[in-house]
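The values are calculated or read from the model by the stated rules, or taken from the named source; none is laboratory data. None of these values were measured; they are calculated from a predicted model. Glycine also receives a Cβ, built like all others from the backbone with ideal geometry; neighbour counts cover every protein chain displayed. Heavy atoms of the whole protein, side chains included, go into the accessibility calculation; ligands, DNA and RNA do not. Shrake-Rupley method; radii C 1.70, N 1.55, O 1.52, S 1.80 Å.
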Amino acid sequence: MKVTVFGSGYVGLVTGACLAEVGNEVVCVDIDEGKIARLNQGEVPIYEPGLDSIIERNMAAKRLHFTTDVDLAVQHGLFQFIAVGTPPDEDGSADLQYVLAVARSIGERMEDYRVVVNKSTVPVGTADKVRQAINTVLNDRQKPCEFDVVSNPEFLKEGAAIEDFMKPDRIVVGTDNPRTTELLRALYGPFNRNHDRLVCMDIRSAELTKYAANAMLATKISFMNELANLAECLGADIEKVRVGIGSDPRIGYHFIYPGCGYGGSCFPKDVKALERTARDVGYQAQLLRAVEDVNDRQKLRLYEKVKDYFKDDLKGKTLALWGLAFKPNTDDMREASSRVIIEALWEAGAKVQAFDPVATHEAGRLYGHRSDLALCDSPEATLKGADGLIIVTEWNVFRSPDFDTIKAELSHPVIFDGRNLYDPARMKMMGFDYFGIGRGASLA
């Protein structure tokens with residue numbers, strides 16, 4: 001099949017590459033000439049395990065093309081995927097200007113039937129706006145042309161997006177036309193062979209499904225962080241509580257790990273957007289507001305522990321920090337807890353020496369050269385001259401470090417563990433002051 005994907009960001013690249021991988025002819029279009037030029041030279045602008053090899057393979061096979069030519073893109077694909085950004089406005093609502101700009105571009109150029117597929121995360125009712133935008137342009141052109149609009153939200157986890165697309169848990173399709181459902185069923189056939197993963201519903205329900213999924217996962221994280229903070233007050237260990245409740249199949253172990261807050265491009269933005277959507281229709285979504293408030297507070301928990309340990313005197317202190325990305329297996333630092341912690345330390349007069357396996361370059365892009373930030377090329381390098389160690393991201397490389405080296409290098413034998421990677425009793429036995437999240441009484 002012939003597919004066009006508008007947007008060459010995270011969702012657009014993964015969608016285009018994976019659809020090409022199973023034999024479709026895909027054109028990815030973007031207005032960013034520099035990004036398209038880099039892609040055509042084989043340079044993938046985002047870090048996602050396995051994506052670069054899929055892109056290289058399918059470009060070589062002439063199944064995957066990158067262009068800024070919108071005319072070519074609209075002419076090419078029966079399926080016109082919209083996978084552009086929907087950044088939050090100041091009030092938290094999703095900004096649809098890029099989605100609607102693509103809709104108008106399609107309407108200005110289409111000559112025959114097209115299936116317009118909303119892949120971007122968009123509020124309920126966006127499909128109606130896309131349809132209206134295309135119809136307005138077609139009417140201005142006096143060009144009657146049949147088309148359908150479909151909601152097909154993505155459920156890709158950063159760091160595991162290829163696996164999620166190629167072997168999906170579910171493929172949600174929202175449409176008001178049975179013919180369109182069958183066209184999407186055919187397009188997704190290669191990813192749907194073991195059993196039927198297609199979940200078909202009306203368009204508005206599909207649009208809400210994406211927000212509901214992310215809000216549910218964010219809620220689990222904030223709930224566990226709330227319990228972790230309570231556990232500290234009560235002298236309980238949240239990790240033992242986690243195992244105790246996770247063994248209940250009605251709860252399960254997924255997304256009940258306490259920590260220093262969630263980040264990334266999806267959860268913070270989508271919780272805000274859904275809460276704003278609720279307000280727009282006159283409903284006060286109190287739980288969503290609480291999820292967001294708990295997460296904002298949680299991002300400062302490690303900083304507060306650091307400040308308390310050093311008795312509110314951080315001026316001139318140096319902290320080693322392991323992990324910059326909001327989660328492992330990505331270089332994404334959007335809404336990352338590391339940024340909140342680092343900036344709070346700077347405000348208090350401290351210096352930060354940081355390492356991340358893949359996000360160091362992104363940190364350099366965000367912060368530039370600063371005398372109070374050293375971006376190091378190894379975890380061990382961050383320890384030189386540091387007063388304490390802060391762990392923010394649970395990369396595997398941090399799970400079993402050389403504790404003797406850590407203790408020897410730090411001027412204070414203290415670890416602030418934002419992901420509960422280590423056993424408190426073992427840390428105490430080794431002579432560390434250890435502060436996790438919700439690990440009961442302090443082991444300092």
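Taking trypsin sites (Lys or Arg not before Pro) across region 158-200, the ones in a DSSP loop with at most 15 further Cβ atoms lying within 10 angstrom of their Cβ are 170, 193, 197. Percent of alpha carbon pairs in region 1-60 separated by more than 16 Å? Tail of the P(r) past 16 Å holds 35 percent of the pairs. Ranked by the mean number of other Cβ atoms within 10 Å of their residues, highest first, the peptides 160-167, 369-376 fall in the order 160-167, 369-376. The GluC sites (Glu not before Pro) of region 61-117 meeting both criteria, a DSSP state outside H, G, I, E and B (loop) and at most 14 other C-beta atoms within 10 angstrom of the site's C-beta, are 90, 111. Protein heavy-atom surface of region 207-288, 1.4 angstrom probe: 66% of the accessible area is carbon and sulfur, with nucleic acids and ligands not counted.
With a threshold of 32 Å on the Cα-Cα distance, the over-threshold entries among 2/327; 384/428; 35/305; 167/220; 240/311 are 2/327; 35/305.
Working note: Cα atoms of region 256-397, range along each principal axis, descending, whole Å: 54, 33, 29. Only protein heavy atoms count here; on that basis, with a 1.4 Å probe, residue 1 has an accessible area of about 100 Å². For region 137-277, the residue among 149, 222, 251 whose Cα projects farthest onto the positive side of the dipole built from Cβ charges is 149. How many nm is it between the label spots at residue 230 and residue 46, if each spot is 7 Å from the Cα in line with the beta carbon? Those two pseudo-labels are separated by 3.7 nm.
For the chain, the relative contact order is 12 percent, taking Cα pairs closer than 8 Å that sit 6 or more residues apart in sequence and dividing their mean separation by the residue count. In loop segments of region 270-329 as defined by DSSP, the trypsin sites (Lys or Arg not before Pro) with at most 11 further C-beta atoms inside 10 Å of their C-beta are 311, 315. Assuming charge only on the beta carbon of Lys and Arg (+1) and of Asp and Glu (-1), the dipole of the chain about its Cα centre is about 560 debye to the nearest 20. For region 182-287, the square roots a ≥ b ≥ c of the C-alpha gyration tensor eigenvalues yield an a/c of 1.5 or more together with a/b not exceeding b/c, which makes the shape oblate. Note on region 388-444: percent of Cα-Cα distances in each 10 Å bin, starting at 0 and stopping at the bin with the largest distance, equals 24, 63, 13. Give me the Debye-computed log₁₀ of I(q)/I(0) at q = 0.10, 0.12 Å⁻¹ for the chain, equal point scatterers on Cα only, no solvent, two decimals. Debye output, listed in q order: -0.78, -1.05.
Going by accessible surface with a 1.4 Å probe and the largest first, 412, 254 read 254, 412.
With 0.36 nm allotted per residue and the present C-alpha distance subtracted, the residue 135-residue 315 stretch has 58.7 nm of extension available. Only Lys, Arg, Asp and Glu carry charge here, each on its Cβ (+1 for the first two, -1 for the last two); on that basis region 1-110 has a dipole of about 540 debye about its Cα centre. Applying 0.36 nm per residue to the separation of residue 400 and residue 245 and subtracting their alpha-carbon distance, the gain on full extension is 53.2 nm. In terms of accessible area, using a 1.4 Å probe and ignoring ligands and nucleic acids, 230, 321 rank largest first as 230, 321. Calculate, for residue 198 and residue 296, the FRET efficiency according to 1/(1 + (r/R0)^6) with r their C-beta to C-beta distance and R0 35 Å; round to the nearest 0.05. Working from the Cβ atoms, E equals 0.40.
Over all other residues within a Cβ to Cβ distance under 13 Å of residue 255, the charged ones net out to +4, with Lys and Arg as +1 and Asp and Glu as -1.
Under the simplified labelling scheme, the residue 179-residue 384 pair shows an inter-label distance of 6.8 nm, with each label point 7 Å from Cα along Cα→Cβ.
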